[in-house]
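The values are calculated or read from the model by the stated rules, or taken from the named source; none is laboratory data. Model, not experiment: these values are computed from the prediction. Here the Cβ is made from the backbone with ideal geometry for all residues, glycine too, and neighbour counts use every protein chain on show. The protein model used for the area step is the full one, side chains on, heavy atoms only, and it has no ligands, DNA or RNA in it. Shrake-Rupley method; radii C 1.70, N 1.55, O 1.52, S 1.80 Å.
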Amino acid sequence: MLPPKLTQGNLLILALLTIAPLASALDLTKATIVVRNGNVPLVEETATTVLLEEVQRRTGLTLPVATSWPQSGSAIAILSGDTTSHQGKDLPDVERVRTPEGYTIATSGNTIWIMGADPNGALYGIGRLLRNLDWSKGSLKLIAPLNLTTSPDDSIRGHQLGYRTTANSYDAWTPALYDQYIRELAIFGVNAIENIPFQDSDSPLMPVTRQVMNRALGDICEKYGVAYWVWTPATVDLTDPEKRAAHLAEHEAFYKESTHLDAVFFPGGDPGHNHPKDVLAFLEDVSRLLAKYHPGTEIWMSLQGFEQEQIDYFFDWITENKPTWFTGAVGGPSSPPLPYMRKRLPAQYRLRDYPDITHTVRSQYATQWIDPAFAFTSGREGSNPEPIYYSTIFRAFAKDTDGFITYSDGMHDDVNKTVWSLLGWDVDYDVRDGLIEYCRFYFGNDVAERAADGIYALEGNWQGSLARNGGVEATLALWQQLDREHPELRDNWRWQLCQLKAHYDAYIRARLIHEEKLEVDANAALAKAKEVGIDTAIDQALETFAKAGPESPRPDLRTAIVQLCDKLFAAIGYQTSVPKYGANNGQRGAVLDYVDHPLNNRWWYEDQLTEIRSLKSDAAKLARLKVLYTWENPGPGSFYDDIGNVAQSPHVLRGESLSTDPLMRRHMNPDFMWWDGGLTRVRQSWISKMDWPMGLRYEGLDPKATYVIRTTGVAQCLPRVNGELITPSIDGKKVGEIKEFPVPKKLYKDGLIILTFDVPYEPGIGWRQMSRLSEVWLIKQ
């Protein structure tokens, strides 16, 4: 029997099953919250407030709060610390956790006991309770008795929520929105938030100044017992005395204004290009300022973008000098591997991860083998729930760190934040159970399991060839059915995000199928140029391509997408368009601006055909036209691969699976370049690329025939046929220029070619200029 596949219909069938309520549910509709009297710690008071307000928001009920036990009915007891009784009643005879932030929940008769090891533990215990409540207007039930003792695996569990213009939503938030979101993150176990207090420009969408928000975030974090971190890169040259002094003054002004601060994270690079010797000296000065304004504040530093000499300098300096003001190192995008960092970092220093969970392409964890159609439309910051992918990545490196604060630039990655948060508490947490809790808390118990499976199905939309992924339509049908059944959720921004992805993916798939057929038809028209006339053939091809707009399929889906984008901007400030909503740029969540981006090579054909019309001879015109209509169809016995296109790379060796090689270190992942604001008119195969594939495999070749390897890409290409390096007869270096490599017959006597590539040595070259591969042909001559 085949294992279940997200892209098949079985998930939808399972998700549509009715979920029966548990008979052991405990009615809390009239429960009394029993709290301690006297001087209760702030975070423990917050725990009571969170329970009261979240229940009231969902049910309309206002549960009474008392410092004594009710005469009858159910009760929820909230306490923390080392005690044996609560308001005159002995605590249940259960083993209690003593680890910081841990909690014990016990269901005894009609009483639920929330017993935190400390005030933070009480808050996290309330969060766990809220995630297991069945609520509706006027009704509140515990779905099943809760009896557990737990404490977090990771001491740092956080997310970056920088109030800056680059973010696709945070810059539109009020302090109240931040308060609610940080509360909800804490409900799922988060204990750290990272702000960006002064890097980047201000946004016209900001409802308050950055200075006001910087202070507000510190106060909010203090209320929830959440550590307040700040991300403070130096984009100035720290060897320039004046610039260094000005930047240090900027730090001091922020520290002086802040009411609460726990940690400062300085990214060594990305952005910034300072040598670690200058960074470490600067941070020592920063430590003196922190000692003055916020004693005990931690200082952390990443090694992002460092060359090996800089990496060695950092570790050697830390090892030799053992600075007491330094807390730990941070891994992340463009950093050395976490196991390597942990091995070289002295044991007294901690190691934190800074994983990118926010970007789909051009990122640390680019979605594996995503269809180019999504890369060109949904882009870097479309709605991206990927519970399978990110749970696999988390578990691959959890043992190497003391925790994480993720890189996030908006709320489009909300599911990924939740997955990372739950696993930071317990690396073995069942992710599906966690998604059900997520959906129960935000959507309601009656829809929780089907919505959780629907989130898995949304991730499945990005698996494999989009045109051949029939599961996309099944996923849309599920979310449309859920929406019809639960119209009360239509103003819920998390619901809207799921609906947006379901509708967006289905619309892009419909367009892709339609526009790929138009390109096939246009090529057929061009192939008849000798018969019908060159100008007539070109006119027919252009008319065919022009049908992409007026005849775009599924306008109902496009209408829904526009409406959902409007709602998301109003609800949470999600900026899905640069001109309409003020997105920072096209890569920052602007999915609405690219919803109609061509999904074939129409723009390239238009430019090529204009050039061809200007040629002087018909022979030259016909020759150029043949290049166009045979580009991806080089003839019998020849083969074509668009290396970065999962739908058009049948000969590319894919290597291991996600479970054994989550970072694709042993087999490369395609990615997608970005220039001209994503509106470049080149062939789309030149935008997708790979650096470099494991190889390509060709079988059943004719040993007597002559073959040529043809490639496109940028700069160098060093191919080997069955292990032997071959040299080019044509060696184009620029985007779209051809390279050709004759293949000696002795190398394929058995009819087999394994094509591999040496990686060019290119020290000091930025990734955008490095050699890359786009297309490969094996041409039978």
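Quick check: the distance between the Cα centres of the stretch 63-97 and the stretch 206-223, to the nearest angstrom? Cα centroid to Cα centroid, the span is 35 Å.
The candidates Glu516, Glu740, Glu309, arranged from most to least accessible area with a 1.4 Å probe in the full protein assembly, appear as Glu309, Glu516, Glu740.
Give me the tail of P(r) for the stretch 605-662 as a percent: Cα-Cα pairs with distance above 15 Å.
Values: 1079 of 1653 pairs.
Roughly 65 percent, once rounded to a whole number.
Suppose a student asked you for the relative contact order of the chain, using Cα pairs under 8 Å spaced at least 6 residues apart; what percent would you report?
On the way: 1545 pairs, mean separation 77.5, N = 781.
The normalised contact order for the chain reaches 10 percent.
Divided by 2.2 N^0.38 Å, where N counts the residues, the Cα radius of gyration of the stretch 299-376 comes to 1.34. Remark: the Ala245-Ser68 segment gains 57.9 nm on full extension, using 0.36 nm per residue and subtracting the alpha carbon distance. When the helices of the chain are scored as -39500 (n - 2.57) per DSSP H run of n ≥ 4 and the total is divided over every residue, the value at 222 nm lands at -12000 deg cm²/dmol. The overall shape of the stretch 511-670, judged from the alpha-carbon gyration tensor, is oblate: a/c is not under 1.5, and a/b is no greater than b/c. Placing unit charges on the Cβ atoms of the charged side chains and taking the dipole of the chain about its Cα centre, the candidate lying farthest along the positive direction among Cys565, Gly382, Thr712 is Thr712. In this rough spin-label picture, where each label sits 7 Å from Cα along the Cβ direction, the Arg624-Glu307 distance is 4.4 nm. Here the relative contact order of the stretch 707-781, from alpha carbon pairs under 8 Å that lie six or more residues apart, stands at 48 percent. For the pair the stretch 277-330 / the stretch 439-494, the C-alpha centres are spaced 45 Å from each other.
If you stretched the chain out fully between Ala253 and Ala291, how much longer would it get, using 0.36 nm times the residue separation minus the C-alpha to C-alpha distance? It would help to have the intermediate numbers written out before the result.
Values: separation 38, 0.36 × 38 = 13.68 nm, distance 1.41 nm.
Gain in length upon complete extension: 12.3 nm.
Principal-axis analysis of the Cα atoms of the chain puts helix 414-425 at an angle of about 60° to the longest axis.
Between the labelled values [x] 13, 42, 36, 9, 0; [y] 15, 43, 32, 9, 1, 0; [z] 16, 47, 29, 7, 1, 0, the entry that holds P(r) over Cα pairs in 20 Å bins from 0, in percent as derived from this structure is [y]. When the square roots of the Cα gyration tensor eigenvalues are ordered a ≥ b ≥ c, the ratio a/c for the stretch 121-205 is 1.5 or more and a/b does not exceed b/c, which makes its shape oblate. If I fit a long axis through the Cα atoms of helix 175-187 and take the longest principal axis of the Cα atoms of the chain, what angle between them do I get, 0 to 90°, rounded to 10? On a 0 to 90 degree scale, this one is about 80.
Computed over the stretch 641-690, relative contact order equals 44 percent, with contacts defined as Cα pairs under 8 Å that lie 6+ residues apart. Taking Lys and Arg as +1 and Asp and Glu as -1, the other residues whose beta-carbon sits under 14 Å from that of Pro670 total -2.
Rounded to the nearest Å, what's the spacing between the alpha carbon centres of the stretch 352-397 and the stretch 733-781? Just the number, please. So the two Cα centres are separated by 28 Å.
Using a 1.4 angstrom probe on heavy atoms only, work out the carbon and sulfur share of the accessible area of the stretch 242-343 in %. Carbon and sulfur together cover 50 percent of it. Approximating the spin labels as points 7 Å out from Cα along Cα→Cβ, the Glu737-to-Arg666 distance works out to 3.7 nm.
Need the full-extension length gain, Ser108 to Lys547, defined as separation in residues times 0.36 nm minus the C-alpha distance. One decimal, nm.
Answer, rounded to one decimal: 151.3 nm.
Between Glu762 and Glu320, the simple label model (points 7 Å from Cα in the Cβ direction) yields a spacing of 3.5 nm. From most to least packed by mean Cβ count within 10 Å, the peptides 671-680, 576-585 give 576-585, 671-680.
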